Amino acid sequence: MKKIVITTLVTLGLASTLTAGVIAGKCVGCHGADWSKKAMGKSKVVSEMTHADIAAALKGYKAGTYGGPMKGLMKGQVASYSDADLDAFAATIGK
């Protein structure tokens with residue numbers, strides 16, 4: 001039983017890490033590896049945002065309730081991720 005619990009916890013941890021990696025891979029082309037670029041000259045600089053602001057923005061893009069000119073593009077980028085995935089990812093960037 002102990003092995004099952006440990007294996008489950010490790011698997012969940014890896015899944016969370018992999019999800020963040022998948023999202024980050026989609027983002028760096030426009031936002032830069034250090035999150036310091038304005039995507040297509042229009043977005044906020046993600047590195048200057050808080051974790052909470054990033055999570056709210058990502059979930060808002062997913063819901064279609066956030067964003068200006070990049071709203072449609074960003075909705076497609078985050079649509080396949082759960083809110084928990086987006087929260088976990090946001091905690092890895094920003095301040």
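Size descriptors for region 29-71, from the alpha-carbon set: Rg then Dmax equal 10.1, 26 Å. Label-point separation (nm) for Met40 and Ala63, each offset 7 Å from Cα along Cα-to-Cβ? The two pseudo-label positions are separated by 2.3 nm. Working from label points 7 Å from Cα in the Cα-to-Cβ sense, the Ala52 to Ala24 distance is 2.4 nm.
Neighbours of Glu48 by Cβ distance under 13 Å: Lys/Arg scored +1, Asp/Glu scored -1, total +2.
Every number in this text was worked out from the coordinates using simple rules, so none of it is lab data. Because the structure is predicted, anything quoted here is derived from the model rather than measured. When we count neighbours, we look across all protein chains shown, and the Cβ atoms used for this are built from the backbone with ideal geometry, even at glycine.
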